[in-house]
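Each remark here refers to the structure printed beneath this line.
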Amino acid sequence: MGKKTILQWLDEHNVEFTEIAQKIWDHPQIAYKETYASDLQKSVLHEKGFTITSSVAGIPTAFVAEFGSGTPIIGLMGEYDALPGLSQKASAIKEEVVLDGPGHGCGHNLLGTAGVEAVIALKETMAMENVSGTIRYYGCPAEEVLSGKTFMAREGVFDDLDCALTWHPGKSNIVVNMSMQAMVSIKYHFKGITAHAAAAPHAGRSALDAVELMNTGSNYLREHILDGSRIHYVITNGGLAPNIVPEDATVWYYLRASSREHVEDMLRRVNKIAEGSALMTETKVSSEIIANVYEMLPNNTISEVMLENMNECGVLEFTQDEQNFAQEIVNTIDPGVVRNDQKITGGTEVILPVKNFYFPHMKGTTGAGSSDVADISWIAPMGMVTTTCAPAGVQFHSWQATASFGSSIGYKGMHFAAKTMALTGYDLLINKNSILEKAKKEFLEDIDGKPYKAGIPNEVKPPVQ
Ligand SMILES: [Zn+2]
Ligand SMILES: [Zn+2]
């Protein structure tokens, strides 16, 4: 009875949540500046009877909304930050709304809103059926810089959770039962001595030389890291003009590997390369950790429950107009890239997959990307799904992604994710078939006695003014 009520409530109210996601898509704001989205979601949740705790972990755009009391405590994770430079209309041709402006190229306008939608539906059912327990929506800023949730976790705001649920807009309906890579984001600042590059180069010590030597060293390191690991960098400051020996230079690195131990080991070696480069050039180097996230711990128990519930949500249907729009977007993408995406869900023709997938054998495998939501999976058992919010072939962080996530395709996928999370949340609240005990047992085996410890050093504060 409870689940039917939840699905019915969600169908009857989906327009108001489409509007919230559309408004956030219309007001994209980048990491730590998401005031519009967090204020809007806070006011909606407050109006529905949730208790709001604002400015969590000293971050003005982080908040927690809570309803109910006692255990179990179920947390739904939300995100709402946009990406710089990805402004785009909901159109199948590349058209910016604001020149070089931000845009929701990762669909976080949908990500957070589905969580809000799901907790409100759950709250309505809990109130109607006298279901006890606590539900929370976590408004988490700054996923795109991979640190919002780590700062929140460092403050302990997730510590009492019995289970966490999340999702991400995707290109198919998948229960994500695989890991994501652990990652360190770190900047190396080199300090040299400025000089006239023609008249007195002997008096100068180039910080840019140090950066270039460091990158050369790191590129040699690539051969000696584990398969699947990644090293990427950008030079964010390479000097001011060719005729001035650069006094300051900065290079920003991401190091990724399948576990935090492996990332820490890569970091140890890259730190040595930085020191070596400073030694060679008689410059000084300092480093600054921007983010440090765990690898994701999937949970078979929660994944199975999420699949069961995804299958109970009916079928995600797309109209002919939506399929035509998807085809127009796909026409702008390399066919090889599209085919590669289609392989994942087994279809060669379908660009908007509606079938639900679960790959039970995926636990133990790792995707190339990283997310700060992985930190939560080390604090409580966590389940995650993706749903079809964009056509196969669309790459996240692209104009095609921004367009898709601001279209009815994105909103349909969002409602489907909200339904899946709300039904799963209901099963967890009533602890159907002792799911929480099983999930917790699996979680404790996986963390193997290693308690969560935030990777960002204590002295590093959230980058908010
Ligand atoms: Zn992203
Ligand atoms: Zn994302």
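Each reported figure results from applying straightforward, stated rules to the coordinates on display, with no laboratory input. Quick caveat: nothing in here was measured; it's all calculated off a predicted structure. Quick reminder, even Gly has a Cβ in these numbers, built from the backbone with ideal geometry, and neighbours come from all protein chains shown.
Worth pointing out:
- The helix-only estimate of mean residue ellipticity at 222 nm for the chain, built from DSSP H runs of length n ≥ 4 each weighted as -39500 (n - 2.57), is -13000 deg cm²/dmol after division by the residue total.
- Charge dipole (debye, nearest 20) of the range 182-293; +1 at Cβ of Lys and Arg, -1 at Cβ of Asp and Glu: 120 debye
- Projecting the Cα atoms of 258, 224, 242 onto the charge dipole of the range 182-293, computed from C-beta unit charges around the Cα centre, puts 258 farthest toward the positive end.
- Chain lengthening between residue 289 and residue 339 when straightened (0.36 nm per residue, less Cα-Cα): 14.2 nm
- Full-stretch length increase - residue 272, residue 93 - with 0.36 nm per residue and alpha-carbon distance subtracted: 59.8 nm
- Within the chain: Cβ-based charge dipole about Cα centre, in debye rounded to nearest 20 (Lys, Arg +1; Asp, Glu -1): 640 debye
- When the Cα convex hull of the range 1-62 is projected onto planes of every orientation, the mean area is 5.3 nm².
- Mean Cβ neighbour count within 10 Å, used as a protection proxy, ranking 108-117, 142-151, 422-431, 278-287 highest first: 108-117, 142-151, 422-431, 278-287
- Gyration tensor over the Cα atoms of the range 182-293: the corresponding equivalent ellipsoid has semi-axes (square roots of 5 times the eigenvalues, largest first) of 29, 12, 10 Å.
- Here the peptides 156-163, 60-67 are ranked by packing, the mean other Cβ count within 10 Å, and the order with the highest first is 60-67, 156-163.
- In order along the range 350-356, the phi-based Karplus estimate (6.51 cos²θ - 1.76 cosθ + 1.60, θ = phi - 60°) of 3J(HN,Hα) comes to 6, 9, 10, x, 10, 6, 9 Hz; Gly and Pro are listed as x.
- Inter-probe distance in nm under a simple model that places probes 7 Å from Cα toward Cβ, at residue 232 and residue 132: 4.9 nm
- Extension reserve of the residue 331-residue 196 stretch, reckoned as 0.36 nm per residue once the Cα distance is removed: 43.4 nm
- Residue-wise HN-Hα coupling along the range 96-103, computed from phi with Karplus coefficients 6.51, -1.76, 1.60 (Hz; x: Gly, Pro): 6, 7, 10, 4, 6, x, x, x
- The range 361-433-the range 39-115 distance, computed between alpha-carbon centres (Å): 14 Å
- The alpha-carbon atoms of the range 312-465, seen along their principal axes, cover 50, 44, 32 angstrom, with the largest extent given first.
- 28 Å tail of the calculated P(r), the range 10-155, as % of Cα pairs: 20 percent
- Semi-axis lengths (Å, descending) of the ellipsoid that matches the C-alpha gyration tensor of the chain: 40, 25, 21
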